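Some notes on the structure that comes next.
The values are calculated or read from the model by the stated rules, or taken from the named source; none is laboratory data. Being a predicted model, the structure only gives us computed values, none of them experimental. With ideal geometry, Cβ positions are generated from the backbone for all residues, glycine too; neighbour counts draw on all protein chains shown. Accessible surface is based on the protein model in full, side chains and every heavy atom, while ligands, DNA and RNA are left aside. Shrake-Rupley method; radii C 1.70, N 1.55, O 1.52, S 1.80 Å.
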Amino acid sequence: MNRTQPRLEGKTAIVTGAGSSGPGFGTGKATAILFAREGAKVLLADRAARHAEETLAAIGEEGGEASVFEADVTRAEDCRAMVDAAVERYGALHILFNNVGVTAFGTVVDVEETDWDLALDVNLKSMMLTSKYAVPRMIAAGSGSVINVSSIEG
């Protein structure tokens with residue numbers, strides 16, 4: 001495919017779970033780098049900012065534009081602040097890539113209720129909260145996309 005303009009030039013994206021807690025590339029890190037390669041300005045959101053720093057460095061080495069934002073996406077105030085930061089730093093918001101997930105281990109008879117609650121908060125509630133604050137900003141920008149992903153873990 002021969003393109004002259006990157007597909008996401010002029011767009012701003014938030015990628016949640018943009019860091020990797022271990023070696024290699026997870027979905028969030030790989031997506032953030034790809035979005036930057038395609039011209040997007042990317043807010044790298046992660047519960048631990050240090051996890052997103054490696055992603056930031058990779059994007060910077062390729063000449064892309066990104067910044068790190070530490071947020072717990074199970075908390076409404078963090079989600080609101082994350083969206084506000086993207087708009088303040090880059091002028092608008094066009095893409096929300098929800099990419100966090102955890103697993104509650106156990107069967108229905110032995111799973112711990114606290115583990116189950118955490119899985120629901122991280123895997124479902126976070127998508128609602130991030131979208132709640134992002135969608136109005138996308139409408140204001142004239143367009144937008146919310147992408148919710150899951151993995152074998154989530």
List the relative contact order of the stretch 55-135 as a percent without decimals, with contacts defined as Cα pairs under 8 Å and 6+ residues apart.
33 percent
Per the helix-only calculation at 222 nm, which mean residue ellipticity applies to the chain, given -39500 (n - 2.57) for every DSSP H run of n ≥ 4 and division by its residues, nearest 500 deg cm²/dmol?
-13000 deg cm²/dmol
Of ALA140, THR114, ALA86, whose Cα points farthest to the positive end of the dipole of the chain (charges on the beta-carbon: +1 Lys, Arg; -1 Asp, Glu; origin at the Cα centre)?
ALA140
For a label point 7 Å from the Cα of PHE25 along Cα→C-beta, name the residues of the stretch 56-81 whose backbone N is under 20 Å from it.
56-68
Taking a cut-off of 16 Å between Cα atoms, list the lysines near LYS41, but don't count ones fewer than 8 places away on the same chain.
LYS11, LYS29
Find the relative contact order for the chain and round it to a whole percent, using C-alpha pairs within less than 8 Å whose residues are 6+ positions apart.
23 percent
Connecting every pair of Cα atoms under 10 Å apart in the chain and solving the GNM, the largest mean-square fluctuation among SER67, SER20, SER143 falls on SER143
Just how large is the dipole of the stretch 24-131 about the Cα centre, in debye to the nearest 20, putting +1 at every Lys and Arg Cβ and -1 at every Asp and Glu Cβ?
420 debye
Computed over the chain: longest principal axis from alpha-carbon atoms vs helix 49-61 long axis, angle to nearest 10 degrees, is 30 degrees
How large is the accessible surface per residue of the chain, computed with a 1.4 Å probe and reported in Å² as a whole number?
55 Å²
Under a 1.4 angstrom probe, counting protein chains only, how are ILE147, ILE59 ranked by accessible area, largest first?
ILE147, ILE59
Angle between the Cα long axis of helix 27-37 and the longest principal axis of the chain, 0 to 90 degrees, nearest 10?
10 degrees
Of all the accessible heavy-atom surface of the chain, with the other protein chains kept in place and a 1.4 Å probe, what percent is carbon and sulfur?
52 percent
For the stretch 87-124 and the stretch 1-80, distance of Cα centres in Å:
18 Å
Given just the C-alpha atoms of the stretch 92-143, how large is their convex hull per residue in cubic angstrom?
68 Å³
For the stretch 81-154, what is the charge dipole size about the Cα centre, in debye to the nearest 20, if Lys and Arg each add +1 at the Cβ and Asp and Glu each add -1 at the Cβ?
600 debye
Helix 126-141 versus the longest principal axis of the chain: what angle, 0 to 90°, nearest 10, using Cα atoms?
20 degrees
